[in-house]
Every structure is written in structure tokens, then in C-alpha cells.
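**Q** After the C-alpha cells below, expect a handful of questions from me.
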Amino acid sequence: MEMPVTSSRLKLVMLLLVSTSILAGQDSVDRPDIAAGRSLFQRFCTACHGGNAKGGRGPDLTSGQWRWGSSDADILHNILNGIPNTEMPAFPLSTVEGKQIVAFLRSLSNPQTEEASKGDPAAGRALFFGSAGCSRCHMYFGQGGRLGPDLSSPATGRQAVNLREAILDPDKSIRRNYETIEVHLKNGQFLRGVKKNEDTFSIQMMDGQEHLHMLLMSDLKQIDRPRNSLMPVPHLSAAELDDVVAFLQKGGGPAAPAEWKPSQDLNVSFSRLTHASSEPQNWLTYWGNYRGTHYSGLDSITPSNVASLAARWSFQFGAGPVESVPLVVDGLMFVTGPQNNAAALDARTGRPIWRYTRALPKVAAHCTVMANRGFAILGDRLFMDTLDAHLVSLDAKTGSVIWDIPVEDYRKGFSMTGAPLAIDGKIIVGVTAGECALTGFVDAYDAATGKRLWRHWTIAQKDDPNRSTWPNDKAADTGGGPTWMTGTYDEETSTLFWTVGNPSPDYDGSVRAGANLYTCSVLALDPNTGRLKWYFQFSPHDTHDWDANEAPMLVDIPYQGRMRKLLVQANRNAFYYVLDRQTGQFLHGRAFAHQTWADGMDDNGHPIAKPGTSPTPAGSYVCPDAQGATNFAAPSFDPKTSFFFVAVREACAVFTSKTREPEPGAGYTGTGQRLDQVIGGPGAVRALDAATGDIRWNFPIQDGSSAAGVLATAGGLVFASGADGNLIALESASGKCLWRYQTGERIRSSPMSYSVDGKQYVAISAGSVLFSFGLLDR
């Protein structure tokens, strides 16, 4: 039976249960002792939430509205782990005790005896996506609308009577971030929709056509706040209502993926990504473009006015230091945090549009770093890999999960920290694998469905002649080869470039004699099949943890009198490389930083290692140290000067080795290094001639960083930083320092630039805070 709907109601669009979190999903945990939970609540929780849980310093816990996740599992996670960037701490309770508190809280909002479910969930699903019209405004496993809450998680444990009440009386308790709002702008425009966020000076909203608007209060004439939901009361028979309630209680998982039709007003197509340099106001990939030049074409901030640059806003991540680089699309900023939390921000004000928080299991921290370096975007979807080795697709307008698929088993030690790369219908990702007796790989996934398309292993397999660069299968099968840094892409030849890290075990080469291919290499891959076109190995048989996980930058510049298509890289081993990116031919190389381990390079571009520089049980002194002369800190290329700018770190260490037995999933290193404390870790920002590696200028930094990168802009500036928390602006032609700002924390990410309404901003994270800088208004 079709639900009768008036034309005016269609214009408003249905908001089924916009007013409640009852349908936001419960994923019930086991029902333990409620009395024990009451006792624990009185002991630990009443100071903030009150003796009756009705709130006080903390929110009301009896209303059924849960801002930080409404499932039993979410509430349990928040009790045991706390909520970053809030006053909610982690409590030293066991899982059983946490579940008892959850059961007590559920008893407060579900006092009635639950009636037996009468409806048919399958029929309810048909109504949800059909005549009831629920999916016009609600997503369910990536399908549906955006104006109402995502209803993907079944509301297990919720009372049918409460569900019916919420469906039939949606105005009773309007859910936060879905309040109806009517805005009159001074220019005569009128907007009606739902509010996403608001402060004294700005408001963010989604209109009835699902367009996001970031508005300044100074541009508004009037704001009306109706006390009703946009949702009309649905005309359902009693039986149909039972069916919808049964579906919302019991769910049934995702349906077959629907055809993906990106939003017209938010669609980052493959064509846009290919021509990212033509949109300097945006920052569409981790590197800013497919070629990895990490360069901004914006020129409003210049040597003549950079002195008036000031912090305009900041966003607090919480939960540890941030290593990510934001994306910006037409005034929307998308950011990720260290614990796989994420947000969409108004890029002009820093106010959140939505937040995403992922409950993580206990990942193998000894095999990875607790970091995430950013999103990829394609169409109107974001893609993030996770510390528990999943790849997640989010709706860019709401943060709703479209799909979430496991890439590998995190319990083996696998993890994922890098920003994915989105190309034509594909999402490319890599993994950590260098310190846990694992084998690395590069994967490609279908952007629409999450289906894996191919996998390319980074350790030569048994049918590969280069398997002979390993002494035996045991060494190869535990040989490492992590792929945690985002690759680059040559659209002209449809070639994907991805770098590979150290062989395993670090420091102990005695158990893996040979070159250990394809570790410490750059791989040129066919993105459609994963087939290897060519490779180049920077550090054969690496024993110093000198990953090649640095940017494989693609440039078209004159080389020895003619234009060449080049791949250039400043490597962790202290050498700068120039390769022909069509063939992999080594063209040129030279040291760009202090090193003591090699007597230059041979004709094939392999460093000529000095005797006595490999780690030993007694130790050998080598420069650079294991963090390298540079690391994943982004370099930058200025097409105006053909300068390659790189963050340099010049430390030395005593490397020691010890043979251990590999155990996949456990730490597998051959001991490590002892830093030379007398020298410390001085650094620099260095300008190299991109074709030759010759140093053009050098700006010294007291404490160099392996993570804080550089950004060149068309305005003639280079933004950079060190480990001391200073963000600096240098003149790109000379290296002269023109401006600095002390952020107050160590910087572990690279700057980027964007513009909104013609105003240029520079953004960078320090500690757990994202800063955005702009010129002072005159």
C-alpha cells in the first residue's frame, strides 16, 4: 500500500525519527546484572551525571540520546576508553563491569516489559525503501538520504512501544544536529533544512535538497527555529507499522549495493583529480595532486604580506599527535585523527559539520604507529584505512558509513596508517608490515562496493626470478616490505608508483643474505591489474631501517638539455635520485645530506657501501640514523624555480644487531640503534636543483623532524617546520625566513593551503590541534 504524501511534504522530504536516537542502533551486549551496574554507576558516574543519571556536569543518560554512539558496544567503549576532547575519562573497570553499567543505563530508558515483535522484518525493509518513504531521508548501510540519522544499526534492545511513539510523534524529542531551521539571508535567499552546528559567529546547515551551507551570522537577516521536525507523520496501517518496527529492531544487514550516483554539488570526479592543479583553492589528494609535488598554486600570501599571517581558527582532535594532511573541497575540509576519528569542517571557521569515531580493538602497537595520515576522496565519498586493517568508505556530507571491509587480519600484526589514493573507480592502499615478520602488499579496491580488485605482494613470490634475492622461503615469507606511504599516479601512462619499506628483520642482515627485493624500492604498477612494469631499489639489503617510503614525486623538467618525464626522490638513506619514470632507468644521484655509509653510487644507482658500516653485536657508527636524512615528511616542488624543497635531519647513531627467530605478529627486529646524543638531531630545510640534486640554499633548524614536511606556493613562499613547534615561512628563492609562529607542540604533519571566498589559508597540525592561518583583514 502506498503511503499518501502531499506535494508539500515531498518538498520537505521525510525525516523518519529525526527526533530521536532510538533508531540509531544498539548492537546489544550481553545482559549482565543490573543491580551491580547500579552500584558501579553510583560509585563512578554520579559526580557528573547525577544520582538519577538525569545529568548535571555531564549529559542526561536516560533520554535515549547518545551523541558519541548509541549502541551498547559504543557506550561500553566510551566507559572503558573515555571520549577524546571531552571531560569523559577512561574508567579502570573490567569489561564485565562496563557491561553492567550499560545494562543499568538501558534499564532506565526501557522500564517496560517488551512486547513480542509482531511484524515481518523483510516486509519492513520493503516499506523502508519503498512506499513508507523512510529512505528518502535516512541511510541504511550506505543507501538512502542524508537529512535524517543513519539507521544502519538495528535497534536491538529498544522497546517496540518506544519505536512506534517516535515514528508517530517525531516532534516529541528532536535529535541534536537535526533540528529544523529556517534562514533568511541579507541577499534575499531563504533556506530551510536541518542545523548541523552553530556558534556565535557562524552556522552550518543542510537544506531540503541535501546541500550543505556554511554561513556567517553577519550575512544573515533572520533565523527561525521551528519546534517541529521536518518529518510528516507517516500514514501506515497497524500491520505496516509493526513491519517497520520489526525491521528497525532486527535489521538484516546491507542489501545489494545500489548504483552510486554522486551528488551534483559534491562530486570529486576522476577528471577533477587528474586536473587538481587547475583548482588551487582546493586540496584534493594527500599530496595535493597525483604527481606528489605538494605545491599550492595560490599566490595571495606573498613575501610582502606574510608578516601579517595569523591563526584564524583551530580544531581539537584529542587522543594523541596528528600526522594527517586535510583535504579541502569547495569550502569543506575533511580531516582524520590519530585513533581513526574523523570530521568534516567548515574550512572558513573550523566548525564541525559531522564527526566520525571508530571503536578500535587492541591493535598490535609494536607492529605499527598509532597514526592516520588522511582521507582520499572520490565522488561524494571519503576513504580511510584504519589501525585494525580495514578500509572504510564514508559519505562526505554526513560521515555515514557506506561500507567497511577488512583488508587483512589485524591480529596478525597488520595495520594501516597511510592516506589511500583514489584513481579511476579504484582505491589503492598499503599496509604496515616491516617489524612483525609479515609480508607487505599494495591493494586495489572497487570504490563503489569495496570489492578487492587485485593485490601486489612486495616480497618477490615463488614464481618470480627475484625470489633468489632471498636466501630461503622462511626469510622471504617474513621479509617485511611495508607500503604505508601514499603513492603517486601518472595519468598520461596510467602508471601507479608505490614505495616499499625495509626488509625484516631490521638491522640483522645475516638471516636474509641478498638484495631482498622488492624492499626499499619504488614499484611502477599497472593500476588496472597490479602488474609490475618496472622497479628500482634504492637500498639493496638494507640493514639500517632506511625505508623507501618517501614521496615518489613526478616532474617534467629539462634534464641534460631536453625535457624528460622524471621520478625524483630524496631517500631516507641520504641520497637524492633522478629516474626516468617511463622506464625506471637511473639517470642521476648524489648525497643531499651528511652520510658516512657509502662511497657514492655505481652506474646503476646503487650506493657503494663502505666496509664496517653494517650493524654488529658490538655496534657500528653510521650517519644518518634510522629515522633517516628525511622521512615521510612531504617534500615540495616549485615549477617556477625547479627547486625541490626537502626537510632534512642529520643525526648519527650506533647500530647493533642480534639474530632472533621470526614469529609472525610479534616484534621482529635485529635490535636497533643508539642515537649520538652529542650531535643530536639538527635539521634543515634545503632547496635542491630538481634535475641534479645540487643544493641551492639551506635554512638550518635546531631540531630536525622526520615528519614535518614543506609546502611551496605560487606566492613565492615555502612553509616548513621543525620538531620545536615553529611553523615558518621562507622566501622560496633565497631561503630567507620572513615569518614564524610557535604552535606550542611538536609538528608531525605537513602544511597545505586552500582558499575560501578568495582568501588563502595555510593549515597544519601541531600536537593534537589543527591550525588554519590567514592574512589579517585590513
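**Q** With all protein chains present, how much of the accessible area of the range 601-759 (probe radius 1.4 Å) comes from carbon and sulfur, to the nearest whole percent?
**A** Percent of accessible area from carbon and sulfur atoms in the range 601-759: 48.
**Q** Then there is this: Using only Cα atoms and rounding to the nearest 10 degrees, what angle (0 to 90) does helix 72-81 make with the longest principal axis of the chain?
**A** Approximately 50 degrees, to the nearest 10.
**Q** Okay, which of the range 370-387 sit inside 18 Å, backbone N to the point 7 Å along the Cα-Cβ direction of K261?
**A** 379-381
**Q** Ok, one more. Of the peptides 700-712, 121-133, how do they stack up when ordered by the mean number of other Cβ atoms within 10 Å, highest first?
**A** My ranking of the peptides, most packed first, is 700-712, 121-133.
**Q** Full extension from F190 to A47: what is 0.36 nm times the residue separation minus their Cα-Cα distance, to one decimal in nm?
**A** 47.0 nm
**Q** Calculate the FRET efficiency for H594 and A122 from the Cβ-Cβ distance with a Förster distance of 60 Å, rounded to the nearest 0.05.
**A** 0.30
**Q** What whole-number value in Å² describes the accessible area per residue of the chain for a 1.4 Å probe?
**A** 37 Å²
**Q** Could you work out the percent of alpha carbon pairs in the chain separated by over 36 Å, rounded to a whole number? Display every interim value, and only then the final one.
**A** Working: 141845 of 302253 pairs.
Within the chain, distances greater than 36 Å cover 47 percent of Cα pairs.
**Q** A further question on this structure: Can you give me the % of accessible surface on the range 177-258 that is carbon or sulfur? Probe 1.4 Å, all protein chains present, nothing else counted. Intermediate results must be reported in sequence, preceding the final value.
**A** Numbers: 1960 of 3810 Å².
Reported share for carbon and sulfur atoms: 52 percent.
**Q** Which of the peptides 226-237, 647-658, 567-578 is most tightly packed, and how do the rest follow, judged by the mean count of other Cβ atoms within 10 Å per residue?
**A** 567-578, 647-658, 226-237
**Q** Taking the Cβ-Cβ separation of T200 and S277 as r and a Förster radius of 51 Å, what is the calculated FRET efficiency to the nearest 0.05?
**A** E(calc), rounded to 0.05, equals 0.85.
**Q** Given only helices, namely DSSP H runs of n ≥ 4 each adding -39500 (n - 2.57), what is the per-residue ellipticity at 222 nm of the chain, to the nearest 500 deg cm²/dmol?
**A** So the calculated ellipticity at 222 nm is -3000 deg cm²/dmol.
**Q** Suppose the chain between D171 and Q316 were pulled fully straight at 0.36 nm per residue; how much longer would it get relative to their current alpha carbon spacing?
**A** Contour length minus Cα-Cα distance gives 48.9 nm.
**Q** On a 0 to 90 degree scale, rounded to 10, what angle separates helix 238-250 from the longest Cα axis of the chain?
**A** Approximately 30 degrees, to the nearest 10.
**Q** Sticking with this one: How much length, in nm to one decimal, is gained on full extension between I223 and K610, taken as 0.36 nm per residue of separation minus their Cα-Cα distance?
**A** 132.1 nm
**Q** Going by a 4.7 Å Cβ-Cβ cut-off, which cysteines of the chain have no partner at all?
**A** C45, C48, C134, C137, C520, C737
**Q** In nanometres, what is the gap between the two model label sites at T493 and R467, each 7 Å from Cα along Cα-to-Cβ?
**A** Distance between the two pseudo-spin positions: 2.8 nm.
**Q** Now, a different point. Might you work out the accessible area of R164 for me, using a 1.4 Å probe with all protein chains in place, and round it to the nearest 10 Å²?
**A** 50 Å²
**Q** Continuing with this model, one more query. Please work out the FRET efficiency for the pair R740 and A618, using the Cβ-Cβ distance as r and a Förster radius of 35 Å; give the result to the nearest 0.05.
**A** So the FRET efficiency works out to roughly 0.20.
**Q** Using amide H atoms built in the peptide plane, which far-off residues or other-chain residues are under 5 Å from Y356 H to H?
**A** Here A342, A343 satisfy the definition.
**Q** If we sort 256-264, 209-217 on the protection proxy, mean other Cβ atoms within 10 Å, highest first, what's the order?
**A** Listed from highest to lowest mean packing, they are 209-217, 256-264.
**Q** Which value, in Å² rounded to 10, gives the accessible area of E97 with a 1.4 Å probe and all protein chains present?
**A** Result for E97: roughly 60 Å² accessible.
**Q** Further, regarding this structure: Would you give the gap between the C-alpha center of the range 230-284 and the C-alpha center of the range 481-507, rounded to a whole Å?
**A** 33 Å
**Q** Ignoring ligands, DNA and RNA, what percent of the 1.4 Å accessible area of the range 535-574 is carbon and sulfur?
**A** Looking at the range 535-574 in its full context, I get 49 percent from C and S.
**Q** Relative to the longest principal Cα axis of the chain, at what angle does helix 34-44 sit, 0 to 90 degrees, rounded to 10?
**A** Here the helix axis deviates by roughly 60 degrees.
The values are calculated or read from the model by the stated rules, or taken from the named source; none is laboratory data. This is a predicted model, so every value here is computed, not measured. Note: ideal-geometry Cβ built from the backbone for every residue, glycine included; neighbour counts use all protein chains shown. Note: accessible area is taken over every heavy atom of the protein model, side chains too, but ligands, DNA and RNA are not part of it. Shrake-Rupley method; radii C 1.70, N 1.55, O 1.52, S 1.80 Å.
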